[in-house]
Amino acid sequence: MKKETLISQIMTTQLISIQEMDSLEHARKLFETNKIRHILVLKDSKLVGILSNHDLLRISFGDTYGDDQTNMDDAIVNMLSVKDVMRHDPIFVSSKSTIEDAIYILLNRRFHSLPVVDKGEVVGIVTTTDFLRLLI
C-alpha cells in the first residue's frame, strides 16, 4: 500500500465503545472478551475519550502490596469510572485522511490508536496493529 492510501481502506469498523460513566470493571471485561487494547468512550453517542488497557494498568499497584494487590486493585477499579481514567478529547482522523497523516500523528504523539470520525460521527478506529498488517 502507498502512503496516500486512505484510512477508510484499513480502519476497523466493528467498534467496541463504552459510556464515560461506565465502570472500569465493565471496561476490563470488554478488553478481555474482545481481545482489544483500545475502547472508544462516548457520551450521548459523541466521542469524548479513548481508554486503553494501558490506562487501566496505570492505576494498578502491581506487585507493590503482595497478596493484597488484587484486593487493592479491585478497590481502585470500583472507586473510579471510565471518565476518571480515559484520555479526554482524543485526537482523531477522518476516513479520508491518508495513512501517512495517521502514522505521522501516531509517531509524533506516541499514540497507538486513532479514532476515525466523519461529520461528528465515529466511523472507525485505526491502530498500530492495522499498520503492521500492511507489512504482512
### Summary
Contact list, first residue from the stretch 87-103 and farther than 14 Å from Val123 by Cβ, second anywhere and β-branched (Val, Ile, Thr) and surrounded by fewer than 19 Cβ atoms within 10 Å (Cβ to Cβ), beta-carbon distance below 6 Å, six or more apart or interchain, is Ile99/Thr5
### Summary
Just one listed residue, out of Phe92, Phe111, is at pLDDT below 95, in contact with a Pro (Cβ under 9 Å, 6 or more places away or on another chain) and surrounded by 18 or more Cβ atoms within 10 Å (Cβ to Cβ), and it is Phe111
### Task
Return yes when Leu107 is out of contact with any strand residue (DSSP E or B) (no Cβ under 6 Å at 6 or more places or on another chain), among the hydrophobic types (A, V, I, L, M, F, W, C), over 27 Å from Asp44 (Cα atoms) and in contact (Cβ under 8 Å) with a residue 40 or more places away in the chain and no when it is not.
no
### Task
Could you look through the stretch 1-21, keep only residues that are in contact with a Lys or Arg (Cβ under 9 Å, 6 or more places away or on another chain) and among the aliphatic types (A, V, I, L, M), and pick out the one that is nearest to Leu106 (Cα to Cα)?
Ile7
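State whether one or more residues within the stretch 82-91 are of a type in the set (A, V, I, L, M, F, W, C), in a helix (DSSP H, G or I) and farther than 28 Å from Glu25 by Cβ.
Of all residues in the stretch 82-91, those of a type in the set (A, V, I, L, M, F, W, C) come to 82, 85-86, 91.
The next check asks that each one be in a helix (DSSP H, G or I); those that pass are 82, 85.
Still in the list and also farther than 28 Å from Glu25 by Cβ: none.
No, because not a single residue in the stretch 82-91 is of a type in the set (A, V, I, L, M, F, W, C), in a helix (DSSP H, G or I) and farther than 28 Å from Glu25 by Cβ.
Looking at Leu56, Leu24, Leu80, can you tell me which residue is modelled with pLDDT under 95, more than 21 Å from Asp130 (Cβ to Cβ) and touching a Lys or Arg at 6+ places or on another chain (Cβ under 7 Å)? Can you show your working first?
Values: Leu24 fails: touching a Lys or Arg at 6+ places or on another chain (Cβ under 7 Å); Leu80 fails: touching a Lys or Arg at 6+ places or on another chain (Cβ under 7 Å).
On inspection, the qualifying residue turns out to be Leu56.
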#### Entry: Condition broken by Glu100, with the remaining ones in (1) in contact with a Lys or Arg (Cβ under 6 Å, 6 or more places away or on another chain); (2) within 16 Å of Asn53 (Cβ to Cβ) satisfied
(2)
### Task
Find the residue count for the stretch 100-136, including only residues that are among the acidic types (Asp, Glu) and in a helix (DSSP H, G or I).
3
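Tally time: how many residues in the stretch 3-38 are more than 13 Å from Gly124 (Cα to Cα) and free of Cβ contacts under 8 Å to residues at least 60 places away in the same chain?
Let us first name the residues in the stretch 3-38 that are more than 13 Å from Gly124 (Cα to Cα), namely 3-5, 18-37.
Keeping just the survivors that are free of Cβ contacts under 8 Å to residues at least 60 places away in the same chain gives 23, 25-36.
Residues that pass the stated criteria total 13.
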## Note on the structure
Here the qualifying pairs (Cβ atoms under 6 Å; residues six or more apart or on different chains; first in the stretch 39-65 and more than 30 Å from Asp118 (Cα to Cα) and of a type in the set (D, E, K, R); second at pLDDT 85 or above and not in a strand (DSSP E or B)) come out as none
### Summary
Residue hits (the stretch 36-57; closer than 16 Å to Gln14 by Cα and among the basic types (Lys, Arg)) are Arg37
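The values are calculated or read from the model by the stated rules, or taken from the named source; none is laboratory data. Remember, predicted model here, so these are calculated numbers, not experimental data. Cβ coordinates were reconstructed from backbone atoms using ideal geometry, including for glycine residues, and neighbour counts include every protein chain displayed.
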